[in-house]
1. Scan region 286-304 and give yes if some residue there is surrounded by 19 or more Cβ atoms within 10 Å (Cβ to Cβ), of a type outside the set (A, V, I, L, M, F, W, C) and either within 16 Å of residue 350 (Cβ to Cβ) or touching a Leu at 6+ places or on another chain (Cβ under 6 Å) (or both), otherwise no.
2. Determine which member of the set 446, 366 is among the β-branched types (Val, Ile, Thr), under 30 Å from residue 274 (Cβ atoms) and under 21 Å from the mean Cα position of the chain (by Cα).
3. Evaluate the following for residue 331: is it in contact with a strand residue (DSSP E or B) (Cβ under 9 Å, 6 or more places away or on another chain), closer than 30 Å to residue 383 by Cα and crowded, with 17+ Cβ neighbours inside 10 Å?
4. Which of the residues belonging to region 198-211 are in a loop (DSSP other than H, G, I, E, B) and in contact with a His (Cβ under 9 Å, 6 or more places away or on another chain)?
5. Being in a loop (DSSP other than H, G, I, E, B) and either closer than 17 Å to residue 109 by Cα or not hydrophobic (A, V, I, L, M, F, W, C) (or both) is the filter here; which residues of region 161-197 pass it?
6. Could you please give the count of residues in region 393-412 that are open to solvent by 40 Å² or more (accessible area, probe 1.4 Å) and either of a type in the set (Phe, Trp, Tyr) or under 21 Å from residue 437 (Cβ atoms) (or both)?
7. Which of the numbered conditions does residue 378 fail, given that it passes all the others? Conditions: (1) within 13 Å of residue 205 (Cα to Cα); (2) in contact with a helix residue (DSSP H, G or I) (Cβ under 6 Å, 6 or more places away or on another chain).
8. Within region 48-62, identify whether any single residue is among the basic types (Lys, Arg) and touching a strand residue (DSSP E or B) at 6+ places or on another chain (Cβ under 8 Å), and answer yes or no.
Amino acid sequence: MRKALRGLLVLTVLIGTLSTAGTATAVQPEAHGTTGATSTADEGKDILDRLLAIPGMSLVQEKPYTGYRFFVLNFTQPVDHRHPSKGTFQQRITVLHKDTARPTVFYTGGYNVSTTPSRREPTQIVDGNQVSMEYRYFTPSRPDPADWSKLDIWQAASDQHRIFEALKPLYGKKWISTGGSKGGMTATYYERFYPHDMDGVVAYVAPNDVVNDEDSAYDRFFASVGTKECRDRLNAVQREALVRREPLEKKYADYAAENGYTFTTVGSLDKAYEAVVLDYVWGFWQYSLLKDCDTIPADAAHASDDDIWNSVDTISGFSFYTDQGLEPYTPYYYQAGTQLGAPTIHFPHIEKKYVRYGYQAPRTFVPRSIPMRFQPSAMRDVDGWVSRNAHHMLFVYGQNDPWGAERFRLGSKARDSYVFTAPGLNHGANVAGLAADEKALATARVLDWAGVASATVQADPSAARPLARFDAKLDHRDTERDMTLRP
């Protein structure tokens, strides 16, 4: 993504060491306590002064919002938490401050952080503060030069741990981590590596690709999702886009020339075109609802070229697999090809002669100058840990979301943890969309984990409601649409 980092400061940081099992454990940093204790003098200071008193913290911007204070900040992090003396970078975070007497929600989407005030669902539920973290290597939170081998799930979890350690003395009440999609994965990985930091985890629509080479769950999903009529419409448009490859690729070439798009990373316009088309059905179910099938051409074989183009472009986006579209997501594809895994699906409704490349691996979407090697043990480790050790964890999935085909599941040793599915919902599934009894239970558990459940709710979970009123501006959350095939 972009570059431009500010002056780098060297400070005391935590050091991770590997256990004999290969799991990273943290040595507590001397710079930050974990008790949340603060002096009376500190409590009387302005919250911004207290934030900026943290070593390595600097202000980028403060933005006003009624009832809160919202800060965009930089926090100095080590490039390598195992070897903190080998360089640092500036990681962007935001703080939506309500009151240090309220619980705090720690959010990451797993990508860039928004610098516009917003409130995630758990923050509304507990009426608390919210700390949001930009994932490492998404610019501007990228070391320069970038050592891509230091982009892994443990390093990112250690980023979160250091931020938590820095802020816990200010925000001493309970903490809940959360995130959606790759952010839900991130919250889960953080819990796996630092299980004593958070008091609860709410992970939304988090994929769990345990065995990267076994993806039949996705094929089964696409064979049964929605209705046959809707599936047939989508499949027909997707097939027709490949049947009409020649005229539509000419349109694509004109479109690319007009906008200055290039195809160096993916290799050719032809490969990019097929990648966009093969994302079409997946993209529809990820972002749309069953009722939206009415927007899909009903008779693809007799639809105009423009109708086919417009439908694919609306859902998949012909700009995405260009160099310019891919560049912001290089960190995601790097992680997908080194640890997270990526789905491979098949297209039984399309004759083989029309499919030249099939679903392309993450390596296709990362510049060749960046080395990649897949680590099959990473997701197996996390999956096994969640199955055996989940405690105060809530996983929420959407019934019609492809990414939920491979999901986290709980073993017999899980404690006070849940996996719920929102009927009819997509990649934007949330607690509010659950069936009534599950919605009430999920809300009650989050309130309890955050230490703000009333006696009434503790006695009767069906009485649970979010503590903060819905704010149409602050709580407005669209399913991210800037890329099709990514969590």
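The values are calculated or read from the model by the stated rules, or taken from the named source; none is laboratory data. Values in this document were obtained by computation on a predicted structure and should not be read as measured data. Every residue, glycine as well, gets a Cβ built from its backbone with ideal geometry; the counts of neighbours run over all protein chains shown. The accessibility values were calculated without ligands, DNA or RNA, using every heavy atom of the protein model including side chains. Shrake-Rupley method; radii C 1.70, N 1.55, O 1.52, S 1.80 Å.
1. No, region 286-304 contains no residue that is surrounded by 19 or more Cβ atoms within 10 Å (Cβ to Cβ), of a type outside the set (A, V, I, L, M, F, W, C) and either within 16 Å of residue 350 (Cβ to Cβ) or touching a Leu at 6+ places or on another chain (Cβ under 6 Å) (or both).
2. Working: 446 fails: under 30 Å from residue 274 (Cβ atoms).
From the options 446, 366, the qualifying one is 366.
3. So residue 331 does not fit the description; no.
4. Listed by number, the residues that qualify are 198, 199, 205.
5. Within region 161-197, 168, 169, 171, 172, 173, 174, 181, 194, 195, 196, 197 qualify.
6. 4
7. Every condition holds for residue 378 apart from (1).
8. no
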